[in-house]
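One structure is given below, encoded as structure tokens.
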Amino acid sequence: MKTVSIKDFYVDMNVKNNGVEFDVSDDGHIGDLFVTKTGIIWCEGKTSKAKGRTISWQELRDFCKNNP
């Protein structure tokens, strides 16, 4: 069963530079998703945040708009 959990629940009303980290698992760790004020960062497996795939909010908007 796929689960998504917040690793650190301390969040101000506005997302700050470090963002919020979500742990994604399905019978084991799949990866981490960071939501920041500049976009999202997907880290497959044990990939560090610095080596993750960054997607800007504009890229995410365009993707969602073109892939309903």
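Only counting other Cβ atoms within 10 Å, I'd like Ser48, Ser25 sorted with the fewest neighbours first.
On the way: Ser48 8, Ser25 14.
Least to most surrounded, the residues fall as Ser48, Ser25.
When the helices in the chain are scored as -39500 (n - 2.57) per DSSP H run of 4 or longer and the sum is shared across all residues, what 222 nm value do you end up with, to the nearest 500 deg cm²/dmol? Numbers along the way, then the final one.
Values: 1 runs with 10 residues, N = 68.
Only helices count here, giving -4500 deg cm²/dmol.
In a Gaussian network model over the chain where Cα atoms closer than 10 Å are linked, find which of Gly28, Gly52, Gly39 has the largest mean-square fluctuation.
Gly28
Would you please state which residues of region 43-59 a label at Val35 would reach in this model, taking the label point 7 Å out along Cα→Cβ and a backbone N cut-off of under 19 Å?
From region 43-59, the list is 43-44, 49, 53-59.
Shape call for region 2-66 from the C-alpha gyration tensor, a ≥ b ≥ c root eigenvalues: rounded (a/c under 1.5), prolate (a/b greater than b/c) or oblate? Before the final figure, lay out each step's value.
Values: a/c = 1.64, a/b = 1.18, b/c = 1.39.
Judged from the Cα gyration tensor, region 2-66 comes out oblate (a/c at least 1.5, b/c at or above a/b).
For region 2-66, what relative contact order do you get, as a whole percent, if you take Cα pairs closer than 8 Å and at least 6 residues apart? If you can, show how the numbers build up before the last one.
Details: 104 pairs, mean separation 14.0, N = 65.
Dividing the mean separation by the residue count of region 2-66 yields 22 percent.
Val20 versus Phe63, label points 7 Å from Cα toward the beta carbon: distance in nm?
In this crude label model, Val20 to Phe63 measures out at 1.8 nm.
Rule-based calculations on the coordinates, nothing more; no lab input. Everything quoted here is computed from the prediction, not taken from an experiment. Here Cβ is always computed from backbone atoms with ideal geometry, including for glycine, and neighbour counts include all displayed protein chains.
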